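Here's the structure, in structure tokens; my notes come after.
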There are 2 protein chains.
Amino acid sequence: MDVRSMARQARAAQRQLELTSPEERNAALEAIARALEARAGQIVAANRADLAAAEEAGLPGPMIARLRLDEGKLAGVIRGVRAVAELPDPLAVEPQAWIRPNGLRIQRVRVPLGVVGIIYESRPGVTVDAAVLCLKAGNAVLLKGGKEAARSNAALGEAMAAGLQEVGLPVELAQVLPSTREAAQELMAARSLVDVLIPRGGAGLIRATVEQSQVPVIETGTGVCHVYVHRAADLAMAREIVLNAKCSNPAVCNAAETLLVDREVAAPFLAEAGPALLAAGVRLRACPEALAILQETARPDLAGAGPAAVEPATEEDWAAEYLDLCLAVKVVSGLDEALAHIARYGTGHSEAIVTGDAGAADRFLRSVDAAAVYHNASTRFTDGGEFGFGAEIGISTQKLHARGPMGLAELTTYKYVVLGNGQVR
Amino acid sequence: MDVRSMARQARAAQRQLELTSPEERNAALEAIARALEARAGQIVAANRADLAAAEEAGLPGPMIARLRLDEGKLAGVIRGVRAVAELPDPLAVEPQAWIRPNGLRIQRVRVPLGVVGIIYESRPGVTVDAAVLCLKAGNAVLLKGGKEAARSNAALGEAMAAGLQEVGLPVELAQVLPSTREAAQELMAARSLVDVLIPRGGAGLIRATVEQSQVPVIETGTGVCHVYVHRAADLAMAREIVLNAKCSNPAVCNAAETLLVDREVAAPFLAEAGPALLAAGVRLRACPEALAILQETARPDLAGAGPAAVEPATEEDWAAEYLDLCLAVKVVSGLDEALAHIARYGTGHSEAIVTGDAGAADRFLRSVDAAAVYHNASTRFTDGGEFGFGAEIGISTQKLHARGPMGLAELTTYKYVVLGNGQVR
């Protein structure tokens, strides 16, 4: 079936879901959890077939790691479904209401977005994670996953359909689309049939979606995040924050990619932080000033880490989202230069200042234009779970509709309900 | 200067505006109002030159009417500037704040969108209306008006620049772009330099912007709005609502384009409403059943109104946004058919039911997926002023970010400010 027809069916199914109670939607999630448990064997077997094909095709190791969905990971996915069921209902928001001088009663009422499209890559867990968040918020979802995960996604989709069927809801509420390029194109062209498209994956996928889609897109995830060590920083705290922001999970968008450090404290700070980063396996791309300090202070570690561990940064490094154990390092003259650097190279994701100076912190927090700005904390906290949202569908780096971690509330919109007794204008 | 450079300057200017107080922004608006008054002669003269060129080029009458900016209209624009200055500050919203178990303090803080692009057609008043709303909310604005209004817009832009200069703010906060197609293309390609694009004008302009823009767009204004007369309607009230929704300003997006009427009351209702609509100069495009009733009951009026006044509707009529004294009329079997018709042909703008049956009203209001749904009132109230927002920048027909009339609040977004004392993850 073509994607437009699937989208039309999703729309019709969504209207049915919208009229259900929160309890009915939670029961559907529980039924999906049970169906995933019941079909765990088939799902893991389908995933093994995907993995075998991926290995045969010589896909890169990190991609194969993301593709893997063994019993342990599937159990985690199922726990996630039940955790979403337990979250507060995002539609249960008291409407804003007011009365106009002409007697019209206007209410602003929370409603689902409608039909949500997700375009993603190899991780099959996204199929379920994204679907249950959409369903919980009253939306239908169209899932366009990667070709390499086609068997896994199909098996997961069948299980979700079985769960929906069990509670008497239409299976078209959560549809796994064909994993072809054509399906993605059709999805991006389905304006008015699909209300929003959320791409999740690498920068290439996101850019292509933004450029090609006629459906409104929420741009997610590109993060060239900075940690700025101000001259008034507690240097030990700064070192821990930089290490954490870079190393705790370098493959994710809220990891730091560039370290900025004030000239006044560059020598003592880099003398401590440099060797610590190198010891953690981080390669450094440094401006000339930082390079000189690092080469002087980190010589023994350098010898161990090999010649590529500290290298001069090029212009490309300032704009790079390494998503890897690599960090650009730049010495700056102070807050102004740090702000200008972030304004130029940042992607509006997460930016941190480390300082004991409240005035400098305040100026940084007010001036930096990003989804999340931090004072004395790691950029790694930009995350739905860490923010207390329970779960997230992605991290928005645009300013329309949602910014930063998007939880259930961001999968809803509103409409105006206007009650009159014959008013005309 | 090219649009990208202008956008970069707008971004830098916006950062400066963001740090001003509400009082400073209001003072800038007052200075703009004074500068418009001081240059009223030049502005009206520039508009007369535009009008002369438009008449010579043989532009259609309604376009010339929209283009006109005489002293009276300009005075209205200036009053509008001062009215916006008096509205509450949209950035003065108490931040949501919470503390996480690890001690992180998270605040969700209201901030301007940043750089807003407006693409519009002949009405030069939009240049000022849109600019002052953007400035009030702390944004810079790039204004791409129609070629036919180029002289008027340039004169208005110079006045706004003079006002900004007077209060020491950068003139790049409100820039009138060249009125060329290339400028529009460059604006739509300026992703990351421009935060949002709002097209205002006809369906063609809006469709082109949505299809071509890589900057996030808020779709505005296409309105195929329905009035549905339910069998339990007060027919006199229904007649007044239909007449008002169609005739009070047929050129705007919240005017009704289709009348749906329950079979049970079609004969008595159309026997009254048909002649009233025809007497008001409305042409009717009717389904066979409605046609029969109208031809029977409205014969004397028909004779006077000419043969084209009542015609059979074609499939195109159900999807038509006439923006004119023309109304499609369809008899339906009841609420279900009305809902299905609106789901199929509506554009998600404004939809009204007239009924005395609370259950039918409730089902209509919950089921119809539109920015504004009405019970016993005219669709013409979907308007920022009528909703009590003071002013509006447009009416969104999409679901992301803003829906329905967009006031000052919709020209803002938020960011997360996270305060720690060394937290790592």
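If the condition is being under 13 Å from the mean Cα position of the chain (by Cα), assigned to a strand (DSSP E or B) and either within 30 Å of B:Gly359 (Cα to Cα) or more than 7 Å from chain B (Cβ to nearest Cβ) (or both), then region A:389-425 contributes A:Gly394, A:Ile395, A:Ser396, A:Pro405, A:Met406. Scanning region B:362-372 for residues that are more than 8 Å from chain A (Cβ to nearest Cβ) and either part of a helix (DSSP H, G or I) or surrounded by fewer than 22 Cβ atoms within 10 Å (Cβ to Cβ) (or both) turns up B:Asp362, B:Arg363, B:Phe364.
Considering only residues of region B:165-219 that are of a type in the set (S, T, N, Q), crowded, with 16+ Cβ neighbours inside 10 Å and outside any helix (DSSP H, G or I), which is nearest to the other protein chains (Cβ to nearest Cβ)? Ranking the qualifying residues of region B:165-219, first place goes to B:Gln214.
Screening B:Ala92 on (1) at pLDDT 95 or above; (2) part of a loop (DSSP other than H, G, I, E, B); (3) of a type in the set (Gly, Ala, Ser) shows it passes everything except condition (1). The C-beta contact set for region B:414-425 (first residue at negative phi, second residue among the basic types (Lys, Arg), distance under 7 angstrom, 6+ apart or interchain) comprises B:Tyr414/A:Arg403; B:Tyr414/B:Arg108; B:Tyr414/B:Arg110; B:Lys415/A:Arg403; B:Tyr416/B:Arg108; B:Leu419/B:Arg105; B:Arg425/A:Arg380. In region A:114-134, the residues that are closer than 22 Å to A:Ala189 by Cβ form Cβ pairs under 6 Å with partners that are among the acidic types (Asp, Glu), at six or more places apart or across chains, as follows: A:Gly114/A:Asp195; A:Val115/A:Asp195. Within region B:194-253, the only residue that satisfies the criterion of being at pLDDT below 90, out of contact with any strand residue (DSSP E or B) (no Cβ under 9 Å at 6 or more places or on another chain) and among the hydroxyl-bearing types (Ser, Thr, Tyr) is B:Thr222.
Name the single residue that is farthest from B:Leu411 (Cα to Cα) among those in region B:373-384 being at the interface with another protein chain (Cβ under 10 Å from one of its Cβ atoms) and free of Cβ contacts under 8 Å to residues at least 40 places away in the same chain.
Here is the first cut: in region B:373-384, the ones at the interface with another protein chain (Cβ under 10 Å from one of its Cβ atoms) are B:373-383.
Okay, now just the ones that are also free of Cβ contacts under 8 Å to residues at least 40 places away in the same chain, so B:373-375.
Numbers: B:Val373: 23, B:Tyr374: 25, B:His375: 29 Å.
Only one residue tops the list, namely B:His375.
Residue-level check: of (1) in a loop (DSSP other than H, G, I, E, B); (2) surrounded by 24 or more Cβ atoms within 10 Å (Cβ to Cβ); (3) not acidic (Asp, Glu), A:Pro101 misses just (2).
Assess whether A:Ala328 counts as being small (Gly, Ala, Ser), farther than 19 Å from A:Ile206 by Cβ and crowded, with 19+ Cβ neighbours inside 10 Å.
Yes.
Scanning region B:13-52 for residues that are exposed (fewer than 14 other Cβ atoms within 10 Å of the Cβ) and within 14 Å of chain A (Cβ to nearest Cβ) yields B:Leu19, B:Ser21.
Taking the conditions exactly as written (of a type in the set (S, T, N, Q) and either closer than 24 Å to A:Ala203 by Cα or at the interface with another protein chain (Cβ under 10 Å from one of its Cβ atoms) (or both)), does A:Ser333 satisfy them or not? Walk me through it before giving the result.
Values: of a type in the set (S, T, N, Q): yes; either closer than 24 Å to A:Ala203 by Cα or at the interface with another protein chain (Cβ under 10 Å from one of its Cβ atoms) (or both): no.
The answer is no for A:Ser333.
With respect to (1) farther than 22 Å from B:Arg151 by Cα; (2) touching a Lys or Arg at 6+ places or on another chain (Cβ under 9 Å), the lone exception for B:Ser21 is condition (2).
The lone criterion from (1) more than 7 Å from chain A (Cβ to nearest Cβ); (2) more than 17 Å from B:Lys246 (Cα to Cα) left unmet by B:His349 is number (2). Contact map, region B:230-259: first residue under 20 Å from B:Gly346 (Cα atoms), second residue among the aromatic types (Phe, Trp, Tyr), Cβ cut-off under 6 Å, separation 6 or more or different chains; pairs are B:Glu257/B:Tyr322. Of the residues examined, A:Ile241 is not one that is within 14 Å of chain B (Cβ to nearest Cβ), out of contact with any helix residue (DSSP H, G or I) (no Cβ under 7 Å at 6 or more places or on another chain) and not in a helix (DSSP H, G or I). For B:Val229, the conditions (1) buried (at least 21 other Cβ atoms within 10 Å of the Cβ); (2) not assigned by TED's automatic domain parsing to the domain that holds B:Pro250 are fulfilled apart from (2).
Restricted to helices (runs of 4 or more DSSP H) entirely inside region B:267-359, those with at least 1 residues that are closer than 30 Å to A:Arg191 by Cβ and either at pLDDT 95 or above or among the hydrophobic types (A, V, I, L, M, F, W, C) (or both) are B:315-319, B:335-345.
Output the number of residues of region A:122-150 satisfying the condition of being assigned to a helix (DSSP H, G or I) and either within 19 Å of the chain's Cα centre (by Cα) or crowded, with 20+ Cβ neighbours inside 10 Å (or both).
Selection size over region A:122-150: 14.
The values are calculated or read from the model by the stated rules, or taken from the named source; none is laboratory data. Keep in mind that what you see is a predicted model, and the values were worked out from it rather than measured. Using ideal geometry, Cβ is built from the backbone for each residue, glycine included, and neighbour counts are taken over all protein chains shown.
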